[in-house]
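Accompanying notes for the structure given below.
All of the numbers you see were taken from the coordinates with simple rules; none came from a lab. Computed from a prediction, not measured in an experiment: that's the story for all the values here. So basically every Cβ, Gly included, is an ideal-geometry build from the backbone, and we count neighbours across all protein chains shown.
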Amino acid sequence: MLRTLKRAVKHMPLLAILGVFFGRVLPGLRAYRSILRQCPPEQGWRVYFMDYAGSGDTYLSCAYLRHRGRIGARDAFAAAGGLSLKIARLFGFGRYMEIRPRSALTVRMMERFYGRRLELLPLLYESDFLEYSGVFRYMGGHRGLDFMSLLKIGLEANCGLAYEEGPWEQPQFPCDGTELDELFRRHALIPGRTVLLAPYAGKHSLWGISIDFYQQLARQLQAEGLTVCTNTCSSSLEPPVPGTVPILVPHRLARRFCEQAGCFIGLRSGLCDIVSAAQGCKKVVLSGDMTIPALCASHQAFFSLENMGLCRDALELGYDAATGRPDMEISGIVRWIKGEKV
């Protein structure tokens, strides 16, 4: 019945417009006003807006803003979902606001309906305020345009932050050394001889890379005398790789943990962005069966840590879900981790 009604409304433009206006635009206006009441622009507040929960996008946006000196006591961060807020809290904004995901989307709908820049400063290049909002999505990968380049372009267009080429300094979050040592002691991990597996991304997805692959990899690493652990938020939602130590490494400690562990192997996710600057750590990044149809390049090329200027020492591999094989044999990955030529 509902589907029939929706099809009928599509052929009645006036009713469809009214439905969008009352169902999306007005709720967006209410959510927008609620944000401004908490952080009035006339009091000097500047509100950065992330309209969906993404750990990597939030990390990169906030880290680059900090690098450019754009986070202060009168800067606020508003986001849909707790994950983005959890990451943003590491950067010292003056205020944080959580918005329901649907409300965040209605704010974006209202902004496009209004057709002018609002007081909010969108952090993603796809979230600009004009009707051309989706153009950059189709330029991803064109002539080497990677995610970080487009993110910088978006920050210039949306936040007035002039585009700068070249590398930039990633943050090192405060960490009590005893806290990290306790984490290693509690899980019987060996500094310099530990591999952190991170097989999950997004909403607990493996992106087509089988647990069997990680299990075979873990066995070969263990045969070389390495301790292997799986980063997991929940044994039910994210089952650890069989035979490995389940552990949850806080985002705040992820870089320092990998530096002390010695090796990181993970599905391309936001966690890879956070650990990309880890020094003295072997990093293997796997691109699974994830595609964005609009991209001009492969998902692997568009989000490559090297192409994005985040690090040049990671081994970045594709994985063919159809055959269950990565670009390099497991034995080759193990040899690379040991420092041998492959």
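With neighbour counts taken as other beta-carbon atoms within 10 Å, the residues SER149, SER287, SER236 rank, fewest first, as SER236, SER149, SER287. Can you give me the C-alpha center-to-center distance between segment 45-84 and segment 199-214, rounded to a whole angstrom? For segment 45-84 versus segment 199-214, the Cα centre distance is 27 Å.
Please state the relative contact order of segment 37-159 as a whole percent: Cα pairs under 8 Å, 6+ residues apart?
Relative contact order comes out at 24 percent.
Summing Cβ point charges (Lys, Arg +1; Asp, Glu -1) relative to the Cα centre of segment 37-159 gives a dipole of roughly 240 debye.
Run the dipole for the chain about the Cα centre, Lys and Arg Cβ at +1, Asp and Glu Cβ at -1, nothing else charged, and hand back the magnitude in debye, nearest 20. Display every interim value, and only then the final one.
Details: 41 positive and 32 negative charges, 245 e Å.
Computed charge dipole of the chain: roughly 1180 debye.
What trypsin sites (Lys or Arg not before Pro) in segment 176-278 are in a loop by DSSP, with at most 15 other Cβ atoms within 10 Å of the Cβ? Don't skip to the end; give the middle numbers.
On the way: sites: ARG185, ARG186, ARG193, LYS203, ARG219, ARG252, ARG255, ARG256, ARG268; in loops: ARG193, LYS203, ARG268.
Loop-located and lightly packed - ARG193, LYS203.
Starting with the fewest neighbours, write out SER61, SER55 ranked by other beta-carbon atoms found within 10 Å of each beta-carbon.
Working: SER61 25, SER55 20.
The order, fewest Cβ neighbours first, is SER55, SER61.
Extension gain for the segment ARG193 to ARG100, taken as residue separation times 0.36 nm less the Cα-Cα distance, is 29.3 nm to one decimal.
Run the numbers for ARG219 and GLU329: contour at 0.36 nm per residue of separation, minus the present Cα-Cα distance, in nm. Please report the intermediate quantities before stating the final value.
Numbers: separation 110, 0.36 × 110 = 39.60 nm, distance 1.39 nm.
This chain segment gains 38.2 nm when fully extended.
Sorted largest first, the principal axis extents computed over the alpha-carbon atoms of segment 156-216 equal 48, 37, 22 Å.
Using 0.36 nm times the number of residues separating ARG74 and ARG89, minus their current alpha carbon distance, what extension gain do you get? Write down the numbers at each step before the final one.
Working: separation 15, 0.36 × 15 = 5.40 nm, distance 1.43 nm.
Result: 4.0 nm gained on full extension.
Simple rule: put +1 on each Lys or Arg Cβ and -1 on each Asp or Glu Cβ in segment 37-159, find the dipole, and look at ALA104, MET148, PHE77; the Cα lying farthest toward the positive end is PHE77. Projecting the Cα atoms of PRO239, VAL285, LEU217 onto the charge dipole of the chain (Cβ charges, centred on the Cα centre) puts PRO239 farthest toward the positive pole. In summary, the aspartates and glutamates within cross-link reach of LYS338, defined as a Cα separation below 20 angstrom excluding same-chain residues under 8 places away, comprise GLU224, GLU259, ASP313, GLU316, ASP327, GLU329. What does the C-alpha gyration tensor say about the overall shape of the chain? Classify as rounded when a/c is under 1.5, otherwise prolate if a/b is larger than b/c, or oblate. Taking the square roots of the gyration eigenvalues as a ≥ b ≥ c, the chain is prolate.
As a proxy for reagent exposure, ranking ARG108, ARG89, ARG46 by other Cβ atoms within 10 Å from fewest up yields ARG89, ARG46, ARG108.
The relative contact order of the chain comes to 15 percent, based on Cα pairs under 8 Å that sit 6 or more residues apart. Once label points are set 7 Å from the Cα along Cα→Cβ at both SER298 and GLU164, what is their separation, rounded to one decimal in nm? Result: 3.3 nm between the two label points.
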